[in-house]
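Notes for the one structure printed next.
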Ligand code: SF4
């Protein structure tokens, strides 16, 4: 079942390209960061987010069984409230007529899926009708690519868990802990080849999925969806610049393949070099030593390297700066944004101070200074400044 198609069925008879309210054209549907419809409002993208109705949560509009909210497609843009409200209400009106049938179809598909897998499997094979998702704004527009949705690495603070959880609830799937399920997009390479060959598609950088899953989590060993997608990019007529970010040393297997794509970057997320802290917060990620070895392997293969340090976790900033100075070309720094599933962890005495915004900021500034002292470029955002 392709959930993005079900979201479209929800607003039938509206279709992609239709003006749903004056000046707002429906341009895309997506499920990766929760179910949503994207509208082009005179050059500004507006997402209308869909979730099962929950009386305890605010919303811009509601139908019988669902609720709707709005947000700008890019942090550089703002949505005028009257536009967001008008769109949310229009989508809710359309959904009212379709939601019973659509939700029942999805619940039936979820039951059939559970029956097929004996009710126990948390690894689902799914197919998609589109793959590349537009992200960023202006000249910094890029595409995200997610061979998987959901993640078996299971970082305690992962920001994806609430968003992916909404999509699962929308599908009528049971609530299970973050880190225990993943959807494998088995036809991703085929869809990617088709999308890259579209003559109208602009050549934009591709970033492999650090938001909703990790491209090198354990299932990649068996399915090799990420590897096959890299092969598709390498073989494209004009391969787009490509960036992979991971917490798994399995990327070393494909270091040569990644480096064979012009303008490619390989990177790791590494919030600390304290192995005990890392194991606690990122239970099934590779160790810090393995991630650093991966960076060396990427360099040897000829790829440019980067690290993302986010959130700040306890550990020596000078040791982290030393380790990164010898392995990466640049580092992106950011602080903790919300506790997600880690609120209990950050209440523990050894981690409580790390939850405070002041500690996060102090640690980030100390690491920034330490990196700059060692000649490492520091940036903030989704793409390194020199990826284009
Ligand atoms: S590796 Fe990334 S997607 Fe997976 S749990 Fe950790 S933060 Fe989330």
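Quick rundown of the values:
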item	result
Test result for residue 170, more than 28 Å from residue 381 (Cα to Cα), surrounded by 22 or more Cβ atoms within 10 Å (Cβ to Cβ), touching a residue at least 12 places away in the same chain (Cβ under 8 Å) and not assigned by TED's automatic domain parsing to the domain that holds residue 100	yes
Selection from region 215-258 of residues that are over 21 Å from residue 132 (Cα atoms) and outside any loop (DSSP other than H, G, I, E, B)	221, 222, 249, 250, 252, 253, 255, 256
Residue 175 being touching a helix residue (DSSP H, G or I) at 6+ places or on another chain (Cβ under 9 Å) and without any contact (Cβ under 8 Å) to a residue 24 or more places away in the chain	yes
Subset of region 151-190 (residues that are touching a strand residue (DSSP E or B) at 6+ places or on another chain (Cβ under 7 Å) and more than 12 Å from the ligand (Cβ to nearest atom))	166, 167, 169, 170, 183, 184, 185, 186
Filter pass, residue 213 being modelled with pLDDT of 90 or more, within 12 Å of the chain's Cα centre (by Cα) and more than 16 Å from the ligand (Cβ to nearest atom)	no
Selected residue [at pLDDT below 90, out of contact with any strand residue (DSSP E or B) (no Cβ under 6 Å at 6 or more places or on another chain) and not assigned by TED's automatic domain parsing to the domain that holds residue 175] from 93, 57, 65	57
Residue count, region 273-307 (criterion: buried (at least 19 other Cβ atoms within 10 Å of the Cβ), within 16 Å of the ligand (Cβ to nearest atom) and outside any helix (DSSP H, G or I))	5
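The values are calculated or read from the model by the stated rules, or taken from the named source; none is laboratory data. All of these numbers come straight from a predicted model, not from anything done at the bench. Methodologically, a virtual Cβ is constructed for each residue, glycine included, from the backbone with ideal geometry; neighbour enumeration extends over all protein chains shown.
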